[in-house]
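Participant: Quick one: structure below, then a few questions.
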Protein chains: 2
Amino acid sequence: MANIKEVSQLAGVSVATVSRVLNRSGYVHRDTEQKVLKAIETLNYKPNLVARSLSNKKTRTIGLMVPDIMNPFFPELARAVEDVMQLYGYTTILCNSDEKAEKEKQYVQVLEQKYIEGLILVSSALSPEEVNRFEVPVVAIDRTIASEKVPTVTVNNREGAQQAVRFLLDRGYRKIAHLRGPSQLLNAEERCRGYLDIVEKLDWFHPGLIVSGDYEMKQGAKATEELIQKHPDVDAIFAANDLMAIGAIRTVQKLGLPIPEKMAVVGYDGIGIGGMILPELTTMAQPIYDMGALAARMLIRMIEKHSLDSMHHEVQVQLIERGTTRR
Amino acid sequence: MANIKEVSQLAGVSVATVSRVLNRSGYVHRDTEQKVLKAIETLNYKPNLVARSLSNKKTRTIGLMVPDIMNPFFPELARAVEDVMQLYGYTTILCNSDEKAEKEKQYVQVLEQKYIEGLILVSSALSPEEVNRFEVPVVAIDRTIASEKVPTVTVNNREGAQQAVRFLLDRGYRKIAHLRGPSQLLNAEERCRGYLDIVEKLDWFHPGLIVSGDYEMKQGAKATEELIQKHPDVDAIFAANDLMAIGAIRTVQKLGLPIPEKMAVVGYDGIGIGGMILPELTTMAQPIYDMGALAARMLIRMIEKHSLDSMHHEVQVQLIERGTTRR
DNA sequence: AGGCATATTGTAACCGATTACATTAAAATG
DNA sequence: CATTTTAATGTAATCGGTTACAATATGCCT
């Protein structure tokens, strides 16, 4: 690979001039520019971005930290981030943290040594203080870091949960259980809160209708089994995420209860799979792609030292009514 | 951030000595080493990897090019690649190509300028000559680049397809249609070939039983509809991938045909969703994670200038028998 | 004591760009 | 015409490491 020096020699100018041509900075005579461009062309010269980064301290590279790209929520998010970054000439490093604080810290360590310019964080393993210690701009998605300093993109979890439950009531379901997510996750807490907001004061309500899960399908299936055994009169399940909802559907179908007649299921997230199963899953859909794209745009603004209109963006969930609830 | 010079000053030695300590290269007196380590500790010094890369020409960064991370096949692959790379201290840049040659070329261009050390390619948009022009080691997964020079990880598509079809025959299905993948993809061609190997000479066979698709669910559903309309006596569908198989199931269920009694469906790939729908999809599963991990290991060997045991690894698909075929 | 291998450390070149500063020529100004 | 601006270019420092080479010290052998 040719370097700037070879180009400068071929063009009969100094490296500074070549650099000026490359960056359109400073004065360069038209004729000189032409000579340089021709030399660049001839040698098929491409600037060495590592060298450039060393003097610039800019790498046009960002990190994307997700718990696990295999979790169906994250591919769409990753795609959005990557699309926007690509559009602005940035490159995206993918990191799977498994929600392990150690792994995250180690990753961030290396990424900072590599001069990444920003980080999109979908995780709750790290404390706000640890995140604040990062040297690069960070945007957190979904699992809010409880820190004013870190910009976030979140959804109105509580309100969405309320809507979902109200929707079930409107459709005539009378005893609604909740499969809640892992207790350490804020969004699980909020969704549960929203559920409670609606049902708490209803006469049939009783805390046993809330079953804890881990956002995985298996758990959802198992929890549903126990639930129905203990409370056979439950006629609707509001799951805190789609995977658990799918687990619930499996159990319900195995038990031979017709969906949506005898049992309704509503999920949360709006992942693609929900539209593939039959009956299709009714769900409170998050605008996953939009959230990723928004976070990416915010991060870029921060990297480029522009100010953000708002530190905390809350996007709206939307109910997608499909086959697991009756009309 | 402290740099090596500050460390050397605090330790009262030259930068060369610090570098020797860092890299455990050359001679360093025990006492000196201790002084240096203490200085590193005090300043919380971390080497600047960009600077190191500039003199090394090693970035410990690789690229992973997939058509679209949102396609359910790729997250597992990406996870495998990332896991192995992480294990060996490499960092993974994610690229979505949408199978567009232009996008791929542009990406590779930038990645090379950034000194990536290797590339894992899941794509067929580029010609072998274009791939050979890359300056870094490449491993191709799945969609074989028809070039002896590029190491590949593939599956025995043809054989797997044969097995799948034979399995259907064994189970007593008598008229098996095939939803084939996009004509430009080698694996679609091979799977179709495998199907033909078995059924071509059977009396009921007839080319109209092969319907073209694009590996997407929608297409699979639509193609199945047309298929059943034209050939109502078809009692089994072998789809070239799981997404189309899922589409097929949807159509079949909508038409009220009981699965697996009146209609069987077998997919190909073994993506996670197959186990979530009901009935669960019988499929020729590729060891997706293993393929990614294997490709990653091969790439690392190439980067580290070790020789490969074999340029072309063919891994075995395996039938997972589930609910869409009868016992 | 002289010669040689080994150990320890430093100086300076190098990786490949950017850029502050200096120099000179040409154009604009009074 | 002298003076100031603007234009054009080059020299060399810098980013933060690695490493070839040189210099010196030490121990061992004959």
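The values are calculated or read from the model by the stated rules, or taken from the named source; none is laboratory data. Keep in mind that what you see is a predicted model, and the values were worked out from it rather than measured. In this analysis, Cβ positions are derived from the backbone assuming ideal geometry, glycine residues included, and neighbour counts consider all displayed protein chains. Side chains included, ligands, DNA and RNA excluded: accessible areas come from the protein's heavy atoms. Shrake-Rupley method; radii C 1.70, N 1.55, O 1.52, S 1.80 Å.
Participant: Restricting the range B:53-88 to residues that are without any contact (Cβ under 8 Å) to a residue 12 or more places away in the chain and more than 9 Å from every other protein chain (Cβ to nearest Cβ), which is nearest to the chain's Cα centre (by Cα)?
Facilitator: Selected residue: B:Leu87.
Participant: Can you go through A:Thr42, A:Thr61 and tell me which one is buried (at least 22 other Cβ atoms within 10 Å of the Cβ) and hydroxyl-bearing (Ser, Thr, Tyr)?
Facilitator: Of A:Thr42, A:Thr61, the one residue that is buried (at least 22 other Cβ atoms within 10 Å of the Cβ) and hydroxyl-bearing (Ser, Thr, Tyr) is A:Thr61.
Participant: Mind checking which helices (runs of 4 or more DSSP H) fall wholly inside the range B:1-99 and carry at least 2 residues that are within 16 Å of DNA strand C (Cβ to nearest atom)?
Facilitator: Details: elements: B:4-11, B:15-23, B:30-43, B:49-56, B:73-87.
Of the helices (runs of 4 or more DSSP H) lying wholly inside the range B:1-99, those with at least 2 residues that are within 16 Å of DNA strand C (Cβ to nearest atom) span B:4-11, B:15-23, B:30-43, B:49-56.
Participant: Tell me which of these A:Leu294 doesn't satisfy, since it passes every other one: (1) open to solvent by 10 Å² or more (accessible area, probe 1.4 Å); (2) in a helix (DSSP H, G or I); (3) not assigned by TED's automatic domain parsing to the domain that holds A:Pro137.
Facilitator: (3)
Participant: Has the range B:88-100 got any residue that is farther than 27 Å from B:Asp290 by Cβ and either surrounded by 14 or more Cβ atoms within 10 Å (Cβ to Cβ) or more than 13 Å from DNA strand D (Cβ to nearest atom) (or both)? Walk me through how you get there before you give the answer.
Facilitator: The initial filter retains those residues of the range B:88-100 that are farther than 27 Å from B:Asp290 by Cβ, namely B:100.
Add one more test, that the residue is either surrounded by 14 or more Cβ atoms within 10 Å (Cβ to Cβ) or more than 13 Å from DNA strand D (Cβ to nearest atom) (or both), and what stays is B:100.
Scanning the range B:88-100, I find at least one residue that is farther than 27 Å from B:Asp290 by Cβ and either surrounded by 14 or more Cβ atoms within 10 Å (Cβ to Cβ) or more than 13 Å from DNA strand D (Cβ to nearest atom) (or both), so the answer is yes.
Participant: Scan (1) within 14 Å of chain A (Cβ to nearest Cβ); (2) of a type outside the set (Lys, Arg); (3) outside any strand (DSSP E or B) for the single condition B:Gly267 breaks and write down its number.
Facilitator: Among (1) within 14 Å of chain A (Cβ to nearest Cβ); (2) of a type outside the set (Lys, Arg); (3) outside any strand (DSSP E or B), B:Gly267 violates only (3).
Participant: Please name all residue pairs, on different chains or six or more residues apart, with Cβ atoms under 9 Å, provided the first residue is in the range A:1-14 and is more than 10 Å from DNA strand D (Cβ to nearest atom) and the second residue is open to solvent by 70 Å² or more (accessible area, probe 1.4 Å) and hydrophobic (A, V, I, L, M, F, W, C).
Facilitator: Listed pairs, sorted by first residue: A:Ala2/A:Leu10.
Participant: Can you confirm whether the range A:70-85 contains a residue that is closer than 30 Å to A:Arg297 by Cα, open to solvent by 20 Å² or more (accessible area, probe 1.4 Å) and within 16 Å of DNA strand D (Cβ to nearest atom)?
Facilitator: No, the range A:70-85 contains no residue that is closer than 30 Å to A:Arg297 by Cα, open to solvent by 20 Å² or more (accessible area, probe 1.4 Å) and within 16 Å of DNA strand D (Cβ to nearest atom).
Participant: I'm told A:Arg174 meets every condition in (1) buried (at least 17 other Cβ atoms within 10 Å of the Cβ); (2) touching a residue at least 40 places away in the same chain (Cβ under 8 Å) except one. Can you identify the failing condition by its number?
Facilitator: (1)
Participant: Please determine, by comparing only the residues of the range A:137-148 that are open to solvent by 30 Å² or more (accessible area, probe 1.4 Å) and not acidic (Asp, Glu), which one is nearest to A:Lys58 (Cα to Cα).
Facilitator: From the range A:137-148, those open to solvent by 30 Å² or more (accessible area, probe 1.4 Å) are A:137, A:144, A:146, A:148; that's our starting set.
Cutting the leftovers down to not acidic (Asp, Glu) gives us A:137, A:144, A:146.
On the way: A:Pro137: 13, A:Thr144: 28, A:Ala146: 29 Å.
Looking at the filtered set, the residue picked out is A:Pro137.
Participant: Next question. Could you grab me the full set of residues in the range A:195-252 that are open to solvent by 70 Å² or more (accessible area, probe 1.4 Å) and assigned to a helix (DSSP H, G or I)?
Facilitator: A:Pro207, A:Lys218, A:Lys222, A:Glu225, A:Glu226, A:Gln229, A:Lys230
Participant: Within the range B:128-143, work out how many residues are in a helix (DSSP H, G or I) and touching a residue at least 24 places away in the same chain (Cβ under 8 Å). Don't jump to the end; show me each part of the working.
Facilitator: Taking the range B:128-143 as the starting set, the residues that turn out to be in a helix (DSSP H, G or I) are B:128-132.
This time we only want the ones that are touching a residue at least 24 places away in the same chain (Cβ under 8 Å), so: B:130.
Result for the range B:128-143: 1.
Participant: From the residues in the range A:1-39 that are within 14 Å of another protein chain (Cβ to nearest Cβ) and out of contact with any helix residue (DSSP H, G or I) (no Cβ under 6 Å at 6 or more places or on another chain), which one is surrounded by the fewest Cβ atoms within 10 Å (Cβ to Cβ)?
Facilitator: Kept after step one, since they are within 14 Å of another protein chain (Cβ to nearest Cβ), are these residues of the range A:1-39: A:1-4, A:22.
Going one step further and asking which of them are out of contact with any helix residue (DSSP H, G or I) (no Cβ under 6 Å at 6 or more places or on another chain), we end up with A:1, A:3, A:22.
Details: A:Met1: 11, A:Asn3: 15, A:Leu22: 16.
For the range A:1-39, the residue satisfying everything is A:Met1.
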